[in-house]
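Below is one structure, written out as structure tokens; comments come after it.
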Amino acid sequence: MESNIVQSRKERYLTFFLGEEQYGISIDRIKEIIAMMKVTQVPKTPHYMRGVINLRGSIIPVVDTRLRFGMEPQEETMHTAIIIVEVEKVNIGFIVDRVEEVASIDTARLSEPPKFGSHIDTDFICAMAQIEENVVMILDVLKLFEADELVSLEQIQQIQMREGE
């Protein structure tokens, strides 16, 4: 008997929208979802770094996900949310247009992301999933940041913590 049968199991993903596009992040990386709040700007950070928030005494760097993906910035609405995600032991906030749902996706139904050529950076999309009529791009949050960006996020966090003392 052939043993190359793909084991099917359900994984849970938090899905959210940026514009018309739906994305998903593995639920085990999500710390919490909060309403949009005041973000303090930090000088000399990448353009997509909105700044930091103080969440119950923790300083958390916040990324404007639209800018990180090369999309147009958008005015915040009542649906704008910050998803707090743990990346390499650093909590990072991702601003999204709208949080949708937690979806259980059968791993056997995930497909490889299309290759768009070397000039389009799609490394951070690790899979595509179909949920009803929508195609959901599953993100690899680690690949959203280069290693040096994660180090600078950690430094931003530490500097802000020291200044707050």
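Values in this text are rule-based calculations from the coordinates and carry no lab data. What you see is a predicted model; the values in this text were computed from it and never measured. Here the Cβ is made from the backbone with ideal geometry for all residues, glycine too, and neighbour counts use every protein chain on show.
Miscellaneous remarks
- Seen from E112, the other residues with C-beta closer than 13 Å to its C-beta sum to a net charge of 0, counting Lys and Arg as +1 and Asp and Glu as -1.
- Arranged from fewest to most other beta-carbon atoms within 10 Å of their beta carbon, V102, V39, V136 become V102, V39, V136.
- Net charge of neighbours whose Cβ lies under 12 Å from the Cβ of E72, counting Lys and Arg as +1 and Asp and Glu as -1: -2
- Per principal axis, descending, Cα span of the range 10-164 in whole Å: 48, 34, 29
- Proxy reagent accessibility, fewest Cβ within 10 Å first, across S104, S8: S8, S104
- When each of K10/K38; K44/K89; K31/K143; K31/K115 is checked by Cα-Cα distance, pairs over 29 Å: K10/K38; K31/K115
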